[in-house]
Structure formats: C-alpha cells, structure tokens
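First comes the structure, then the notes that go with it.
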Amino acid sequence: MNYEAFYQEYIEIEKINKDNIKNFNRFQKSLSKHIGQGEIKLVGQDIENIKVTNQIIENTTTQLEALMGTFKSQEYIESGEWADQMLDYGKLERIDIQGSFPIYEMFPFKVRIDSENQDIYIDRKKASYLRPSFFINQVKIMQEKLNKASFNALRFASELATCYDRMIIINGKKTGTDIYLLDLYALLVPMGRFKTDYNKQSFAFDIARLRRAGEITLKDGRKVQLGSSRNEKKAIRVLNDEGIEEFFSTIMFIK
C-alpha cells in the first residue's frame, strides 16, 4: 500500500466530519438561543437539523472505521513497502541512508524495524511512525538539532589525547603511533551502562565534528591526525560537510 494514498482518503473523511461538527455546534447554539428566548416554534427545526447532522457524522465515522480496517500495519512493514517508501522519502530529503531491511543507518542514528510488533526504533528510542514521510521528517529534525548543538572541538580532542596517551603506555608504544579510535572509545566509555547515553554512533558523530573543525592544536602543541587502516572492522564511518562518507580507523597526536 501507499501510505500517502491511504492518508488522503482519511483527509477527505476528516473534512466531512469537521464541517459537520461545525454545523452541529451551530445548530446546537441555535437551539439554545431559541429555547432561551422562548421561540418554541423554531426549536423543532433545530432538533431536526441536529438529527441530520448527527447521522452524517455517524456515517462518516463508519467510513473511517472501514478505512482503518483496510490498513494492515504488520503486512505493510513485513512486505518491505514501508521501508521502500521510507527510502524514497529519504532520497527526496537528501538523507544519507545505509543498510538494508530491517537495520539502517541514518548518520549518526541507527534505525531498526521491528515488524513483529510494528515498531520503529531510532537508536533505542521507539518512534513508531508508520507514515514514512513523517518518519523521515523526524529524522531530519533530529539530525539538524544535533548539527546545531554546541561542540567544543578542543575539549573533545584533549579528552581523546588523554586516552591516547594512556593507550600508548598500556601498549608500550612510542608517542606518535597510530591508535585505533575504537580503542579510545573503550577507554572513554568503559562501562556498558554508559554506552546507552554515548554509543559508538554518538562517538562517530563527534569524530565527524572534530574533522569539520579543521586543524586543532592542543595546549602542549600537538595536533590531531586522523587516519585509516586495512582493518575494516575498526573503521568508523562519518559524513563530511558535503554529506560524503569518509572512513577513519586511527588517530595520532603529533607536534
């Protein structure tokens, strides 16, 4: 099914209901006025108008129930139609979407489709919007909100440098050696319960913002240098200012 076609059918029924609810309120107001003024001869027509309007509202409510009966949410999701339409709207909004049913990445968010329960999750938050266009709009709003949030690149780089120096000592390596970013993440977020608030995708987003900040010089004079490696499992995917994907695996701090 196409949700927008389904939604348009609802809008048409809704318009009829809204118009008749206005009529009902108008006729009820007229009834109250005529009774209050003692114009009993006019009350009969008011009551008849109310009865007719009530019948129309009842009929449109029955139509609404019938329409909702045609919407099979589980089938809509399990068939892949929801995902296909979501991808189409994502392209229209120029949202980078990676992955395949039922797991997608909309940087920096992970989207999971739970077809059994007809639920959609953005990271761990349930966002069961079965209208694909609305869902994509919500993702876009969340991405824009993150991008507008304040970010202290120097402070983040300094925190990474502290973890980097610890990893150099732990591994017995020389300063200036590449260290995997994911190893630094493990030091930054050592306990599982903290990963709920700051997951790997959030870390990747901060790496992307660090990258966009340009050249960063720490107080000790060292500069940040991001790098890649052949170990794809250690790679972190980010998007640059142009929305083009980049992959970084390592970091070093050099003077």
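What follows is calculated from the coordinates using simple rules that are stated; it is not laboratory data. Note that the structure is predicted; figures quoted are calculated from it, not measured. Quick reminder, even Gly has a Cβ in these numbers, built from the backbone with ideal geometry, and neighbours come from all protein chains shown.
Odds and ends about this structure:
- Across Lys233/Lys255; Lys140/Lys195; Lys91/Lys219, pairs whose alpha-carbon gap is larger than 32 Å: Lys91/Lys219
- With Cα atoms, 0 to 90° folded angle of helix 132-148 axis to the chain main axis: 40 degrees
- Diffusion constant of the chain at 37 °C, which comes from Stokes-Einstein with the Kirkwood Cα-pair radius and 0.692 mPa s, µm²/s: 143 µm²/s
- Cα-only Debye scattering, segment 34-97: base-10 log of I(q)/I(0) at q = 0.28 Å⁻¹: -1.06
- Axis of helix 3-37 versus longest Cα principal axis of the chain: the two differ by about 40°, to the nearest ten degrees.
- Reach of Lys125 by Cα under 16 Å, taken over aspartates and glutamates that are not fewer than 8 positions away in the same chain: Glu105, Asp114, Asp197
- Within straight-line cross-link reach of Lys33, lysines at Cα separation under 23 Å, skipping those fewer than 8 residues along the same chain: Lys18, Lys22, Lys41, Lys51
- Close amide H pairs (under 5 Å, H built 1.01 Å from N) link Asp119 with Asp114, residues at least 5 positions away or on another chain.
- Measuring nothing but how far apart in sequence close Cα pairs (under 8 Å, 6+ apart) lie, relative to its length, the chain scores a relative contact order of 13 percent.
- Taking a Cβ cut-off of under 12 Å around Gln98, the surrounding Lys, Arg, Asp and Glu residues balance to a net charge of -1, with basic ones at +1 and acidic ones at -1.
- C-alpha long axis of helix 153-171 to longest principal axis of the chain, angle in °: 50 degrees
- GNM result for the chain, Cα springs below 10 Å: residue of Gln225, Gln37, Gln143 fluctuating most strongly: Gln37
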